[in-house]
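The values are calculated or read from the model by the stated rules, or taken from the named source; none is laboratory data. Source: prediction; values computed, not measured. When we count neighbours, we look across all protein chains shown, and the Cβ atoms used for this are built from the backbone with ideal geometry, even at glycine. The accessibility values were calculated without ligands, DNA or RNA, using every heavy atom of the protein model including side chains. Shrake-Rupley method; radii C 1.70, N 1.55, O 1.52, S 1.80 Å.
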Amino acid sequence: MSTFTIDTATSRATPTPVPGKRMTAPALRARKVDGTTEQPIVALTAYTMRMAQLLDEQCDLLLVGDSLGQVIYGLPSTIPVTLDMMIAHGAAVVRGSWHALVAVDMPFGSYEGSPEEAFANCSRVMKETGCAAIKLEGGDAMAPTVRFLSERGIPVIGHVGLTPQAVNSLGGYGARGRGDAEAKKILSDARAIADAGSFAIVVEGVMEELATRIAREIPVPIIGIGASADCDGQILVTDDMLGLFERTPRFVKRYDNLAEQIGKAAETYASEVRSRTFPSANQTYRPKGS
């Protein structure tokens, strides 16, 4: 397990000591050399300070995903998520992390109108959260916006394939790229936003062969979710990976079953409260020596 060191030297650029050294967008982009990535990128979602603290040491990238709409707020999709929600959670994740690059999802309706609108909202997110990058969905149609942002100092992660914000036009959450025409379009989308300046691209919910081809042909790191082991990195929704939900998408591997553990802990607590065995002497305040 890696350890963090604290640099106690300060300067005008770093007025307070900085624990460890964060991953940067250029460093993440540099992981892919001549079409290959020797060390795959490890990415997970985080929405809270405490979860960021627990995940940070193991991750290259923490994504404050708009999936928080469903995971945290119980919304039916990511569509209702607001800019203020993303900023509040993004700031919390930045405060809880020292090592990983923190990127924040731009919510639906905050960047599609024009490059200028996108810049205004993205710059606000970066100012108010302290994140190092933003992520936005869309392919060829979003390339001018990606270029506009990149040229103005906002690092962009793209997102193609199954794009949850477009679920209403896609007709559901099924895997994409099953037919030749759709596969060709997704590959073209990935190429367009890479050429426009995205330093990495999330490829979600596509057929394995297509994901492998995208990873092979697109020069920037391709981070898969429901894609292929040949991608340059992987990302999952942390709550799915930890088993906090009983039902998860097919592409999720559950590395634990925290839902069951939490349920059992709550059951034990309830039993002890009802039997008055909690709190015990160890959890109450008494005069010294008593």
Item to check | Cβ-defined net charge surrounding Asp66, 13 Å radius [Lys, Arg +1; Asp, Glu -1] | outcome: -3
Checklist entry - Given a 1.4 Å probe and every protein chain left where it sits, what share in percent of the accessible area of segment 21-78 is carbon and sulfur? => result 56 percent
Checklist entry - Taking +1 at the Cβ of each Lys and Arg and -1 at the Cβ of each Asp and Glu, which of Gly174, Leu210, Gly158 sits farthest along the dipole of segment 124-234 towards its positive end, judged by Cα position relative to the Cα centre? => result Gly158
Checklist entry - Add -39500 (n - 2.57) for each DSSP H run of 4 or more in the chain, then divide by its residues: what number comes out at 222 nm, to the nearest 500 deg cm²/dmol? => result -10500 deg cm²/dmol
Item to check | Per-residue ³J(HN,Hα) for segment 75-89, Karplus 6.51 cos²θ - 1.76 cosθ + 1.60, θ = phi - 60°, Hz, x for Gly and Pro | outcome: 6, x, 7, 7, 4, x, 4, 9, 4, 5, 4, 5, 5, 4, 6
Checklist entry - If Lys and Arg each add +1 and Asp and Glu each add -1, what is the summed charge of the other residues whose beta carbon sits under 11 Å from the beta carbon of Tyr111? => result -4
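Restricting to Cα pairs below 8 Å that are 6+ residues apart, what does the relative contact order work out to for segment 25-98? Please round to a whole percent.
For segment 25-98, the relative contact order is 33 percent.
DSSP loop (so not H, G, I, E, B), at most 14 other Cβ within 10 Å: list which chymotrypsin sites (Phe, Trp or Tyr not before Pro) in segment 155-247 pass both filters. Don't jump to the answer; show the numbers that get you there.
On the way: sites: Tyr173, Phe199, Phe245; in loops: Tyr173, Phe199, Phe245.
Those that pass, being in a loop and sparsely packed, are Tyr173.
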Item to check | Model label zone, Ile262; criterion: amide N under 15 Å from point 7 Å along Cα-to-beta-carbon; scope segment 54-77 | outcome: 68-75
Checklist entry - Using all Cα-Cα distances in segment 133-290, what percent lands in each 10 angstrom bin from 0 up to the longest? => result 10, 30, 24, 12, 9, 9, 5, 1
Next on the checklist: Counting only protein heavy atoms and a 1.4 Å probe, tell me what percentage of segment 202-248's accessible area is made up of carbon and sulfur.
Outcome noted: 49 percent
Item to check | Per residue accessible area of segment 70-161, 1.4 Å probe, in Å² | outcome: 38 Å²
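If we count trypsin sites (Lys or Arg not before Pro) as exposed when they sit in a DSSP loop and have at most 14 other beta carbons within 10 Å, what is the longest stretch of the chain that avoids them all? Show your work: numbers first, answer last.
Numbers: sites that count: Arg12, Lys21, Arg152, Arg178, Arg247, Arg250, Lys253, Arg276, Lys288.
Answer from the scan: 22-151.
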Checklist entry - Which distance in Å, rounded to a whole number, links the C-alpha centroids of segment 217-290 and segment 62-116? => result 21 Å
Item to check | Cα-centred dipole magnitude for segment 140-267, charges only on beta-carbon of K, R (+1) and D, E (-1), debye, nearest 20 | outcome: 220 debye
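What is the dipole size for the chain, taken about its Cα centre, with +1 at each Lys and Arg Cβ and -1 at each Asp and Glu Cβ, in debye to the nearest 20?
Numbers: 29 positive and 33 negative charges, 185 e Å.
The calculation lands at about 880 debye.
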Item to check | Listed residue (Ala30, Gln234, Leu258) projecting farthest to the positive dipole end of the chain, Cβ model | outcome: Leu258
Checklist entry - How far is it, in nm, from the label point at Arg216 to the one at Ala27 when both lie 7 Å from their Cα along the line to the Cβ? => result 3.2 nm
Item to check | Cα gyration tensor shape for segment 210-290, rounded if a/c is under 1.5, else prolate or oblate | outcome: prolate
Item to check | Note, ³J(HN,Hα) from phi for segment 220-227, Karplus 6.51, -1.76, 1.60, rounded to Hz, x at Gly and Pro | outcome: 8, x, 9, 9, x, 8, x, 10
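Would you work out what percent of the accessible area of segment 88-149, with all protein chains in place, is carbon or sulfur (probe 1.4 Å)? Spell out each step's value before the answer.
On the way: 1280 of 2200 Å².
Whole-percent figure for carbon plus sulfur exposure: 58.
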Checklist entry - Under a 1.4 Å probe, what is the accessible area of segment 189-270 per residue, stated in Å²? => result 50 Å²
